[in-house]
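These notes are about the structure you will find just below.
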Amino acid sequence: MSNQFTYKLLHYLPHPSQELIDLIDFKLQPEQNNISTMGKRELINWRGYTGPALRNMRRVEEPFQSAFDAWIKENITTQYQNSSLMYCHGSGFANGATSTGAHADFTRDYVLMYNVRHGGEDAELAFWQEKGQELIRERATQCGNYEALELVDSVKGPSNVWYLTNTRVLHSTENVSELRLNLQISFDTDIPAELL
Ligand SMILES: [Fe+2]
């Protein structure tokens with residue numbers, strides 16, 4: 001498959017079970033990742049805001065994690081790099097920021113996500129192209145300068161569906177006003193054939 005895409009909704013994949021969702025600690029307010037590398041970004045005049053960006057906290061938390069990995073292998077695929085929860089709090093860690101800033105992920109080319117909390121009514125996933133650059137970027141590329149970016153795609157939510165994201169396209173989460181929490185299944189460089 002060509003890597004020239006931003007995201008795809010995979011409607012045919014099964015919803016996570018309620019038993020699995022019930023194992024999530026929705027009250028957790030992590031200040032660090034405990035898996036992977038955490039991007040720390042500064043926003044420059046991002047819709048009028050300059051300062052630290054919102055941060056995504058990827059977390060491996062038991063007992064959820066073991067149940068999640070078992071569920072993935074049974075229902076989605078056995079061919080993945082790792083899995084986790086991702087917490088993004090809309091305020092408290094970066095007052096006034098409503099964006100995570102545009103970035104390519106550090107450790108993976110693709111991720112399959114399912115939003116359990118959306119981050120508020122207006123929260124969306126946005127995809128960007130830096131002026132003068134290719135759409136697909138090296139890993140760990142970051143850009144917090146709003147003026148250097150052109151919006152190429154965006155999607156509200158998404159809700160009640162697994163979505164595959166190309167994390168080498170610069171992307172950000174926008175307009176987060178409350179907890180955004182999703183399930184994540186990472187793929188290093190290849191998307192398993194059974195998903196496509
Ligand atoms: Fe990301």
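The values are calculated or read from the model by the stated rules, or taken from the named source; none is laboratory data. Quick caveat: nothing in here was measured; it's all calculated off a predicted structure. Don't worry about glycine lacking a Cβ; one is built from the backbone with ideal geometry, like all the others, and counts go over all protein chains shown.
Residues checked against (1) within 27 Å of residue 48 (Cβ to Cβ); (2) at pLDDT 95 or above:
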| site | (1), (2) |
| --- | --- |
| 97 | yes, no |
| 117 | yes, yes |
| 165 | yes, yes |
| 190 | no, yes |
| 195 | no, no |
- Query: Counting only residues that are among the polar types (S, T, N, Q) and outside any loop (DSSP other than H, G, I, E, B), which one in region 132-149 is nearest to the chain's Cα centre (by Cα)?
  - Reply: 142
- Pairs only if they're at least six apart or on different chains, beta carbon under 6 angstrom, first in region 166-190 and at positive phi, second outside any strand (DSSP E or B); list them, first residue then second. 175/98; 175/122; 175/123
- Message: Condition first: within 13 Å of the ligand (Cβ to nearest atom) and either closer than 25 Å to residue 48 by Cα or not aromatic (Phe, Trp, Tyr) (or both). Can you find one or more residues in region 146-153 that meet it?
- Response: no
- Determine, yes or no, whether residue 45 is out of contact with any helix residue (DSSP H, G or I) (no Cβ under 7 Å at 6 or more places or on another chain), surrounded by 11 or more Cβ atoms within 10 Å (Cβ to Cβ) and among the polar types (S, T, N, Q). no
- Query: Can you pull out the strands (runs of 3 or more DSSP E) entirely within region 74-131 that have at least 2 residues that are without any contact (Cβ under 8 Å) to a residue 24 or more places away in the chain, closer than 23 Å to residue 10 by Cα and under 12 Å from the mean Cα position of the chain (by Cα)?
  - Reply: none
- Which of (1) within 12 Å of the ligand (Cβ to nearest atom); (2) surrounded by fewer than 21 Cβ atoms within 10 Å (Cβ to Cβ); (3) polar (S, T, N, Q) does residue 56 not meet, given it meets every other one? (2)
- Query: So which pairs qualify, if the first residue must be in region 35-64 and touching a residue at least 60 places away in the same chain (Cβ under 8 Å), the second must be within 15 Å of the ligand (Cβ to nearest atom) and aromatic (Phe, Trp, Tyr), the Cβ gap must be under 6 Å, and the two must be at least 6 apart or on different chains?
  - Reply: 37/106
- Message: Taking the criterion of being over 12 Å from the mean Cα position of the chain (by Cα), closer than 17 Å to residue 47 by Cβ, of a type in the set (D, E, K, R) and assigned to a strand (DSSP E or B), would at least one residue in region 153-163 satisfy it?
- Response: yes
- Item | Checklist (1) of a type in the set (Gly, Ala, Ser); (2) without any contact (Cβ under 8 Å) to a residue 12 or more places away in the chain; (3) in contact with a helix residue (DSSP H, G or I) (Cβ under 6 Å, 6 or more places away or on another chain) applied to residue 67, failing item | (2)
- Considering every residue within region 71-86, establish whether at least one is exposed (fewer than 14 other Cβ atoms within 10 Å of the Cβ) and within 20 Å of residue 179 (Cα to Cα). no
